[in-house]
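A short write-up of the structure that comes next.
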Ligand code: DON
């Protein structure tokens with residue numbers, strides 16, 4: 001009898017453990033995002049009959065209130081979508097360089113990089129794209145009035161947002177920098193603790209003006225005046241003309257097949273889709289499914305594909321409105337097979353020997369991601385950012401929001417690493433009105449012509465590898481969405497030539513990797529990415545994967 005009871009308890013424990021591997025499962029619609037409040041607001045819009053695009057607008061605005069770390073009015077981002085009838089597309093609402101920006105603006109007279117200038121303060125700020133992006137989405141796909149979509153964010157800002165433990169830690173950590181960037185104390189500059197409530201009264205007023213006056217309020221109206229006056233007072237170069245000229249742009253997404261699946265991801269000015277295509281297509285011939293998940297061979301193969309993709313990124317990729325990028329060649333099977341010829345399981349390649357590839361024909365945990373599926377079958381994948389935590393730390397007191405420091409995503413000097421250690425060259429040099437190269441990779445996966453998965457992540461350069469590894473976790477290793485999102489991750493980006501592993505990665509494989517010539521770095525990566533994703537299950541239900549690395553959650557019905 002005792003044995004039977006122990007066995008039953010054992011079974012129960014196993015079941016509980018297995019259950020935890022699944023995320024929230026709902027029948028009709030879902031939002032997975034960095035804050036429960038935002039997910040609830042987006043979901044409520046869909047309950048009212050709104051579609052995923054309406055929910056996107058409401059969620060984005062709610063994140064601008066509830067998650068000022070990365071949610072924003074003062075930043076930008078990308079949306080990849082797939083409509084219920086299978087049409088795909090993407091929107092670029094990335095920031096751009098001000099008209100007065102120039103190639104050497106972050107260098108001193110001796111051509112040395114001026115410390116922090118591209119990261120902190122008024123001249124780190126790119127022209128914000130979020131508000132233009134939301135209006136563009138609404139114009140094309142919105143079904144509910146914009147006023148109804150913005151109102152919940154206004155109400156939330158007035159009611160206040162409860163500070164989580166992680167949020168309190170982040171706010172307190174950046175206090176000194178808030179002061180440095182603004183040359184004065186801002187209202188968020190005080191000691192916060194978990195459970196405090198922050199009311200964003202000025203932000204609510206800004207949102208109300210946008211509700212009443214539309215997009216022009218942000219780009220031409222009182223909001224624009226206040227924003228520019230504040231930046232110029234801090235010696236910023238942005239002008240009203242920059243705001244007036246800003247346009248969000250519909251772009252053709254990167255689409256490619258990986259085995260039975262079609263992957264749809266963001267194209268330039270994001271490197272995300274191109275790099276993910278290069279990595280997945282480089283490993284496709286190797287039948288990765290035969291290697292154990294996160295085993296030595298798995299890490300080797302993916303690392304070498306990542307190394308090559310990031311080397312190409314550094315050389316070739318930049319805003320395609322300014323530079324010619326040979327996208328088709330870079331993601332062609334022939335080119336990638338040639339690139340992988342020097343790969344062997346016997347020893348590591350080095351980043352010295354792997355430069356960018358030769359193209360034959362030159363043809364023509366601070367960002368945030370949310371995934372949405374509605375009951376009609378529309379899917380929306382959005383990654384948006386201020387770049388660093390609270391962006392440039394410039395907070396316009398009269399407007400109640402932070403501004404990005406996206407200018408650091410340019411290659412401010414050839415070969416000089418940005419805050420993510422990424423290097424770049426000519427293709428991503430600063431120029432007036434150019435968009436800085438991004439790694440944001442909002443992605444949608446189809447299987448046999450049907451919607452399968454919606455995903456994306458913050459994490460700078462590690463976005464690309466986080467999204468890729470999540471795609472493989474589901475497609476190759478058949479993990480439920482939540483388990484796929486929770487699994488430990490690793491990352492290689494060509495330079496620096498090491499593999500970053502999350503601290504909870506199985507360390508038993510390290511000696512073998514080191515013997516093969518790989519350098520291991522566990523020092524600088526407490527977390528790699530923060531993936532929020534939705535999987536469509538075979539029975540049509542939706543499973544959410546909310547990354548436990550943050551306060552993220554899935555909400556749906
Ligand atoms: O566009 C990019 O690639 C970066 N600005 C993203 C920044 C980011 O993901 C910060 N999160 N940790």
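Every read-out reported here was derived from the displayed coordinates using simple, explicitly stated rules and does not represent laboratory data. As the structure is a computational prediction, the values presented were derived from the model and not from experiment. Here the Cβ positions follow ideal geometry from the backbone for every residue, glycine too, while neighbour counts run over all protein chains shown.
Exposure proxy check: 383, 257, 197 ranked by fewest other beta carbons within 10 Å?
197, 257, 383
Under the classification rounded if a/c is under 1.5, otherwise prolate if a/b is larger than b/c and oblate if not, where does region 441-557 fall, given a ≥ b ≥ c as square roots of the Cα gyration tensor eigenvalues?
Because a/c hits 1.5 or more and a/b exceeds b/c, region 441-557 counts as prolate.
Would you please classify the overall shape of region 40-95 from the alpha carbon gyration tensor, given that a ≥ b ≥ c denote the square roots of the eigenvalues, rounded means a/c under 1.5, and beyond that prolate means a/b larger than b/c while oblate covers the rest?
oblate
Among 24, 63, what is the fewest-to-most ranking by other Cβ atoms within 10 Å?
Ordered by Cβ neighbours within 10 Å, fewest first: 24, 63.
For region 435-515, calculate the relative contact order in percent as a whole number, restricting contacts to Cα pairs under 8 Å that are 6 or more residues apart.
Relative contact order, region 435-515: 18 percent.
For the chain, with equal point scatterers placed on the C-alpha atoms only and solvent neglected, what are the log10 I(q)/I(0) values from the Debye formula at q = 0.10 1/Å, to two decimals?
The Debye formula, applied to the Cα set alone, gives -0.77.
At 4 °C and 1.567 mPa s, what whole-number value in µm²/s does Stokes-Einstein give for the translational diffusion of region 170-222, with Rh from the Kirkwood sum over Cα pairs?
98
Tell me, 494, 250 in order of fewest to most beta-carbon neighbours within 10 Å?
On the way: 494 22, 250 12.
The fewest-first ordering by Cβ neighbours comes to 250, 494.
Answer rounded, prolate or oblate for region 253-313, using the Cα gyration tensor with square roots of eigenvalues a ≥ b ≥ c: rounded when a/c is under 1.5, else prolate when a/b is larger than b/c, else oblate.
Oblate shape, in that a/c is at least 1.5 and b/c is the bigger or equal ratio.
For n ≥ 4 DSSP H runs only, could you compute -39500 (n - 2.57) per run for the chain, divide by its residues and tell me the 222 nm figure to the nearest 500?
On the way: 18 runs with 196 residues, N = 557.
That calculation yields -10500 deg cm²/dmol at 222 nm.
Over the Cα atoms of region 361-487, Rg to Rh with Kirkwood Rh, two decimal places?
Ratio of gyration radius to Kirkwood radius for region 361-487: 1.04.
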